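The structure appears below as C-alpha cells.
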Amino acid sequence: MLTARGRIALALGAVLYIVAWAFGAEPLYPVAVGLVIAAGLARTWIQLAARPMRLTRGNWGGAERTEGEDVPVDLELAYEGRLLPSQVTVSDRVARIGEREVVLERRPGRRLRGRYVVGNVARGRYRFEETRVVLEDPFGLASAELRLASTGALLVYPRLVDLGDLFTETGSQRLDGRRLLLRRATGFDLHSVREWLEGESLRMVHWPATAHRSTLMVREMEDAPRDEVAVLLDAAAGVDVGEAPDSSFETQVRAAGSLIWAHARRGKRAALVVNAASVESHSVGLDDSGLRGALEVLAGVEADGRFPASALLSEEASRAARALEVTVVTARLPGDLVERLVARVGRGLAASLVYVDAASWNGGSTPEPGLLRLQGAGVPVAVIRRGDDLAGALGGGRMAEVAHA
C-alpha cells in the first residue's frame, strides 16, 4: 500500500497533469507522469518484496542475560524473495516490557540483522507476543506490513553470588564421621509387584495389592540413582513481600540459584525442585540439562504454588524426598515442614533450611519458634533479611545468628 508520502506524490502528479493540460504547460507533463509512475513502481516493488521470511532471535554475544543489566535481543531475518526491500523494520511486542522497534541491516546470504536492548530488566520469562515486519521502498512511497508467528520468550536469569564454604558445611552434616558426599548416591525404589512365592519373607508383602487381588503380593525393588543434593524452592502463593527486584521471593530465587551453582561447581549430583504452578517441570537435575536448565526454571518461576513445600518432602517420588541431602529455601515455616526436616535428620538423611524473613521487607521481623526447634535437632539454618549480603548469609559461620531470629 502507498504511504502518506506515496499518496501525496500520486495526488501531486495528477494535479500537475491537469494543470499542464489546462494551461498548456508542456514541461509539467514529464514531472506529473514521473510522480505517478514512481508511486506505481514503488507499490509494485513492495508487492514483489512481500514474500515469506523467517525471524530468529538469539544472543550473538554469548553472554548470559542477567537481571539488573541491559539485555540485548538479536534478530536475524531470513528472506526468501528475489527482490530485497530497501528498508526492513521489525517491531517486537514483549510481555510486560512493551514494544521495541529496530531497523535491520543487510548481511551476506539474503539475511538481515538487527538488535534492540531492554534496559535494567528484572528476572523473568517475557513472552514475545507479536512481531510485525514493515517493508519500504527507497523513497518511502509504499510499504507493506507482515505479521510473523511469534514464539518463544526472553529469559532473564537471576543474579547469583559466588559461594565459598556453605552454611551446611560446618560439621553438623557429618554422618558417622564421614562427609555426606561419600555415601553411595543410590537407593531402592518400588519397581513392580508380583505374586508371593513360597519361602519368601513376608516383610516384602505389598498389603494394598494383596487386599486388592486377594492373594499375597510382594514388592520388587530396583536400585535407582539418587541425587546427592536437592534444593527445594518454596514458591507457594501468598508470602511474597516487596516489589521485584527487591522482594522476599526474588531473594529466595537468588539464594536457591546460588546454592545450585555452588553444588554444581563441587561436582555433586544435584537437583532443583520447586512447587510453583508457573513452571512446566517441578524438578530439574543438573545431570539432565546442566546448570542452564536450572537457570531457565529460576528465570520463569513465580510465587504461585498451590501446594506447600512440605508436600514434596513427603512424596517418595519427589526428588527432594529421595535426595540424600535437601536444602529448603522458604519464607514461611509451618509446623509440618519443621517436623519433616527433623524427621529426615532422625532417619540419617541431611536437611538444612534457608529462611527468608519476609517481614523484614516491611521493616519488621517475625519470631519463628520453628527455627530454634530445627537448630536443636541439628538442622543447619541460614536466615536472610532485607539488605543482607547473600554470600555472607549462605556462607559458614551464620548459624550463631539463628537463635536471635
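List of remarks:
- Subset of segment 240-297 [modelled with pLDDT of 85 or more and of a type in the set (Val, Ile, Thr)]: Val241, Thr251, Val253, Ile260, Val273, Val274, Val297
- Taken over segment 146-163, the criterion of being loosely packed, with under 15 Cβ neighbours inside 10 Å and within 14 Å of the chain's Cα centre (by Cα) is satisfied by Gly152 alone.
- Annotation: of all residues in segment 317-346 being among the polar types (S, T, N, Q) and over 14 Å from Glu228 (Cβ atoms), the one that is modelled with the highest pLDDT is Thr330.
- Pairing each residue of segment 145-164 that is within 22 Å of Arg265 (Cβ to Cβ) and of a type in the set (D, E, K, R) with any residue that is assigned to a strand (DSSP E or B) and open to solvent by less than 30 Å² (accessible area, probe 1.4 Å), provided the two are 6+ apart or on different chains, yields C-beta distances under 8 Å for Arg159/Thr66.
- Of all residues in segment 55-96, those being hydrophobic (A, V, I, L, M, F, W, C) and more than 24 Å from Asn120 (Cα to Cα) number 6.
- Within segment 132-145, restricting attention to residues that are small (Gly, Ala, Ser) and surrounded by 21 or more Cβ atoms within 10 Å (Cβ to Cβ), the residue that is nearest to the chain's Cα centre (by Cα) is Ser143.
- Exactly one residue out of Arg319, Arg347, Arg292 is open to solvent by 10 Å² or more (accessible area, probe 1.4 Å), charged (D, E, K, R) and either touching a Pro at 6+ places or on another chain (Cβ under 9 Å) or farther than 22 Å from Glu169 by Cβ (or both), and it is Arg292.
- The residues of segment 118-131 that are part of a strand (DSSP E or B) and either more than 17 Å from Val156 (Cα to Cα) or open to solvent by less than 80 Å² (accessible area, probe 1.4 Å) (or both), listed by number, are Val118, Gly124, Tyr126, Phe128, Glu129, Glu130, Thr131.
- Of the strands (runs of 3 or more DSSP E) entirely within segment 11-116, those holding at least 2 residues that are open to solvent by 10 Å² or more (accessible area, probe 1.4 Å) and over 18 Å from Ala142 (Cβ atoms) occupy 53-58, 71-79, 98-103, 105-107.
- Residue in segment 366-376 that is over 15 Å from Leu337 (Cβ atoms), in contact (Cβ under 8 Å) with a residue 60 or more places away in the chain and open to solvent by 30 Å² or more (accessible area, probe 1.4 Å) present: no
- Pairs, first within 11 Å of Arg219 (Cα to Cα) in segment 196-208, second in a loop (DSSP other than H, G, I, E, B) and β-branched (Val, Ile, Thr), C-beta under 9 Å, six or more apart: Trp196/Thr215
- Selection from segment 322-344 of residues that are part of a helix (DSSP H, G or I) and either open to solvent by less than 20 Å² (accessible area, probe 1.4 Å) or not hydrophobic (A, V, I, L, M, F, W, C) (or both): Arg322, Gly335, Asp336, Leu337, Val338, Glu339, Arg340, Leu341, Arg344
- In segment 304-321, the residues that are in a loop (DSSP other than H, G, I, E, B) and over 14 Å from Arg125 (Cβ atoms): Arg306, Phe307, Pro308, Ala309, Glu315, Glu316, Ala317, Ser318
The values are calculated or read from the model by the stated rules, or taken from the named source; none is laboratory data. A quick note: this is a predicted structure, and the numbers were derived from the prediction, not measured. With ideal geometry, Cβ positions are generated from the backbone for all residues, glycine too; neighbour counts draw on all protein chains shown. For the accessible areas, the whole protein counts, side chains as well, though only heavy atoms, and no ligand, DNA or RNA atoms are used. Shrake-Rupley method; radii C 1.70, N 1.55, O 1.52, S 1.80 Å.
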